[in-house]
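Peer 1: I'd like to ask you about the structure that follows.
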Number of protein chains: 2
Amino acid sequence: MYTKVKGTIDFLPEQSKKLTSLENYLKDVASLYGYQEIRVPILSYSELIHRSSGESSDIVTKETFDFKDRGDRMVTLRPEGTAPVVRAVLENKLYTSNLPLKLFYSGPMFRYERPQKGRYREFSQFGVEVVGSNSPYMDAEVITLATTIFKSLRIKNFRVRLNTLGDDDSRNNYKVALKEYFKDKLDLLCNDCKKRYETNTLRILDCKIDKDNEVLLNAPKISDYLSDKSKEEFEVVKSYLDLLHIPYIVDLKLVRGLDYYTNTIFEVELVDENDNSISQAICAGGRYNNLTKMLGGPELGSVGFAFGIERLSEIIDERVDYSHKIFAQFIPIGINAKMHLIELMQEIREHGFSSEMNYESLNLKGHFKSSDQNNARFLIICGDDELKDKKIRIKDKVQDTDDLIDESKLLEYMLHRIRCNRDCETCDGGCDEN
Amino acid sequence: MYTKVKGTIDFLPEQSKKLTSLENYLKDVASLYGYQEIRVPILSYSELIHRSSGESSDIVTKETFDFKDRGDRMVTLRPEGTAPVVRAVLENKLYTSNLPLKLFYSGPMFRYERPQKGRYREFSQFGVEVVGSNSPYMDAEVITLATTIFKSLRIKNFRVRLNTLGDDDSRNNYKVALKEYFKDKLDLLCNDCKKRYETNTLRILDCKIDKDNEVLLNAPKISDYLSDKSKEEFEVVKSYLDLLHIPYIVDLKLVRGLDYYTNTIFEVELVDENDNSISQAICAGGRYNNLTKMLGGPELGSVGFAFGIERLSEIIDERVDYSHKIFAQFIPIGINAKMHLIELMQEIREHGFSSEMNYESLNLKGHFKSSDQNNARFLIICGDDELKDKKIRIKDKVQDTDDLIDESKLLEYMLHRIRCNRDCETCDGGCDEN
């Protein structure tokens, strides 16, 4: 027996319907905010991913799917969308007109993580990227879009966790202070953090192992090292969120796991009645002003976020019914009626109504079972007698009726039934002529 | 400068919009025929792909992206959807209820082919798979669905190329006859065909190099080796297509490039006014009764097809405009108006109308340019004076009007404008009060 690859998942029809419907919804909401779709390849040159995520990042050291293609090129399955989208913006020179560019993407990402509930090695992300704006208003708008998604999906208990890493000067000063602070405390940190001290000191603050360590809790705060400009910009972001009543807290320890973030960074999480965090980040993002230059393009202020689609799908409290349903089931009794009903069924399908026929040689009971499994509303039955008289028998499972009608009236009859929603004899619809 | 991987492509906003709209359309049409979506991983164990496509197939010998993951598992990026979907059906035991299963999928596939126009190493396929039906009526229905897609996309010049490979007995007898026929003619065949003679004789008929070779043209025909049952079933398929006026030709040389096909196989191609083929297959499929057993499951008669989304997208003759458009552009004059318009804009967005503001400190001309680039219909302007009076200035670019209205009437005004489509003074809409 063949199995799926470890850490991947199959989505069966009901789950698939929910995911596809969610993706389409996210695309629609992003369009309201002026975003346009971009589709970039899953295959990326490894250099792009390694350079943008950072050679020392967890993603690159532990999680990428890297391999050589048949042409001996080092390629990586994209672990996230930002670097490939920014690469596409630069390669296609999209920045030469109409800035800011507001782009969204949706599709599979790949990370070799320890498989656990809701976390897969192949998963889908929906994200937006604004390229070519330095305005802190845009940071706030991006956060607003993220929270609009939560609100409109009727997820009420969300909260934004917000911080700023400041501009380059602020961040560099802060890094110096952190290095100085941690210098004689390395023994108190985990092994990964010891490495982080050398490669990317900021990330120590993000450590999941050391997160309650006193050494971390007492570390210098970025807020004390921000330039005036960075402070002002952060105030704009907060005012915007205040204006629109978006719930947030400032978390001075928030740093995010990728090398390219600058200025505003944020996550959206779920909270309980007492405002305690009860989830990891469902959505995460921030500003990344240095990435375009790092990738060989001009300096373009940029900001974005990404949602994990599967994670988001799991927390939606929906009453939508994604089970299979069919409008009409065609039930032939005998071979002549079969060919005749095939023609009728095609006509109904071409009118936009989902229809089914079980082609196996079943008896009536077998056909009824098949209709039940398809959740069919109308059962359309035809045997030799009906065929001769150009009639068909039609059962409406919703209104619990059973009629013999002219076959030429079939569509009209069904349309009337779904519009009228009452018993046929009581009204003037097309069907009561029969 | 970083580039996309050779053979892959970026789809910029207009193209992306077209592709996404096409994919959603295909899903809708498949739903009319009773199909449900299934989402299976891109990552597959190599063994699944190699076994199902055939170790000697072009796909496996030349085109797969195979590599070892960080856990030393041999994995392959799926080159097609059938084997992964059938694997999912078997692994999740979907066949234990309600047969036939009617499934569709849509997503990226990977083949290391020579890049050329419209053919990429990473491309999208939409396909359907019916699992658990031996009925030739189902073969015909699957073909009907494929042609419905062409018709409803207003592609008129399509034609089905049809053949049957017969059941196992028919095919085995035919293979013996082919072996015997080609035995002393190997010197006249290309090198690949010499190999095919040993590994899969049928595929010689499919050779692109030898296709006009007399030796091939004079080879035995499958039609002479079909069992009575296979002949009868093929007649059913043809009668169904005749009944629904679906244009097809029987092509006795059609064999398809994968090992798992049996019985009915088909392609859909484009033809010119003289019914000459003018394209390669846009859609291809057939019956594959041996695959489920080959993959370790029970014997389940199956049939399906796949479309290349990018190929299909290129041949659609559409008048749809996929360019970027925005409903309302908000234009603040000064910092106070900016914060105020942000609130108004959020309200309009939450009512489902796409809206934009350029947050940079622009003058009016700059804002107008930005609105033009966004193709905005309404321009909503507010400065300190308007702010004081709770008014806004609104320009409708479609009806070429310019009004000063109460800001509380904004939504009503715009709704009226789009509904009424006449100059405001001539009607009783909400806007003419101002």
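Peer 1: When the residues of region A:60-73 are filtered to those that are touching a helix residue (DSSP H, G or I) at 6+ places or on another chain (Cβ under 7 Å) and surrounded by 19 or more Cβ atoms within 10 Å (Cβ to Cβ), which remaining residue is nearest to the other protein chains (Cβ to nearest Cβ)?
Peer 2: Filtering region A:60-73 for residues that are touching a helix residue (DSSP H, G or I) at 6+ places or on another chain (Cβ under 7 Å) and surrounded by 19 or more Cβ atoms within 10 Å (Cβ to Cβ), the one nearest to the other protein chains (Cβ to nearest Cβ) comes out as A:THR64.
Peer 1: Pull up region B:35-59, narrow it to residues that are in a helix (DSSP H, G or I) and more than 23 Å from the chain's Cα centre (by Cα), then point me to the one that is nearest to the other protein chains (Cβ to nearest Cβ).
Peer 2: So, considering only residues that are in a helix (DSSP H, G or I) and more than 23 Å from the chain's Cα centre (by Cα), the one nearest to the other protein chains (Cβ to nearest Cβ) is B:LEU48.
Peer 1: Looking only at region B:275-287, count every residue that is at pLDDT below 95 and of a type outside the set (Val, Ile, Thr) and tell me the total.
Peer 2: Number satisfying all stated conditions: 6.
Peer 1: To continue, here is another question. Just to be sure I understand the filter: pairs with C-beta atoms under 9 Å, separated by 6 or more residues or on different chains, first member in region B:75-88 and at the interface with chain A (Cβ under 9 Å from one of its Cβ atoms) and closer than 18 Å to B:PHE65 by Cβ, second member outside any helix (DSSP H, G or I) and acidic (Asp, Glu). Which pairs pass?
Peer 2: Close Cβ pairs satisfying both conditions: B:VAL75/B:ASP66; B:VAL75/B:ASP69; B:LEU77/B:ASP66; B:LEU77/B:GLU122; B:PRO84/A:ASP10; B:ARG87/A:ASP10.
Peer 1: Any residue in region B:268-281 that is within 24 Å of B:GLU47 (Cα to Cα), crowded, with 17+ Cβ neighbours inside 10 Å and of a type outside the set (S, T, N, Q)?
Peer 2: no
Peer 1: With B:ALA30, B:ALA83 as the choices, which residue is touching a strand residue (DSSP E or B) at 6+ places or on another chain (Cβ under 9 Å), surrounded by 19 or more Cβ atoms within 10 Å (Cβ to Cβ) and closer than 30 Å to A:VAL128 by Cβ?
Peer 2: Criteria check complete, one pass: B:ALA30.
Peer 1: Which ranges mark the strands (runs of 3 or more DSSP E) fully within region A:328-404 that have 2 or more residues being within 19 Å of B:MET138 (Cβ to Cβ)?
Peer 2: Ranges flagged: A:355-357, A:376-382.
Peer 1: Here is a follow-up. Determine if region B:204-213 includes at least one residue that is polar (S, T, N, Q) and either modelled with pLDDT of 90 or more or assigned by TED's automatic domain parsing to the domain that holds B:ALA140 (or both).
Peer 2: no
Peer 1: I'm told A:ILE315 meets every condition in (1) touching a residue at least 60 places away in the same chain (Cβ under 8 Å); (2) within 27 Å of A:THR264 (Cβ to Cβ); (3) touching a helix residue (DSSP H, G or I) at 6+ places or on another chain (Cβ under 8 Å) except one. Can you identify the failing condition by its number?
Peer 2: (3)
Peer 1: Shifting gears a bit: Among helices (runs of 4 or more DSSP H) lying entirely in region B:183-287, which contain 1 or more residues that are of a type in the set (Gly, Ala, Ser)?
Peer 2: Per the criteria, B:228-243.
Peer 1: Select from region A:136-160 the residues that are free of Cβ contacts under 8 Å to residues at least 60 places away in the same chain and either within 14 Å of another protein chain (Cβ to nearest Cβ) or assigned to a strand (DSSP E or B) (or both) and list them in ascending order.
Peer 2: A:LYS151, the sole residue that qualifies.
Peer 1: Residues that are under 20 Å from B:GLN15 (Cβ atoms) and of a type in the set (A, V, I, L, M): which strands (runs of 3 or more DSSP E) entirely in region A:60-127 hold 2 or more of them?
Peer 2: Filter on region A:60-127 gives A:101-110.
Peer 1: Okay, next question. Exactly one condition in (1) part of a helix (DSSP H, G or I); (2) touching a strand residue (DSSP E or B) at 6+ places or on another chain (Cβ under 9 Å); (3) more than 14 Å from chain A (Cβ to nearest Cβ); (4) of a type in the set (S, T, N, Q) is not met by B:ASN163; state its number.
Peer 2: (1)
Peer 1: If I ask for residues that are at the interface with chain A (Cβ under 7 Å from one of its Cβ atoms) and among the aromatic types (Phe, Trp, Tyr), which ones from region B:1-26 would you list?
Peer 2: Correct list: B:TYR2, B:PHE11.
The values are calculated or read from the model by the stated rules, or taken from the named source; none is laboratory data. Keep in mind the model is a prediction, meaning the values are calculated, not measured. Virtual Cβ from ideal backbone geometry, glycine too; neighbours counted across all protein chains shown.
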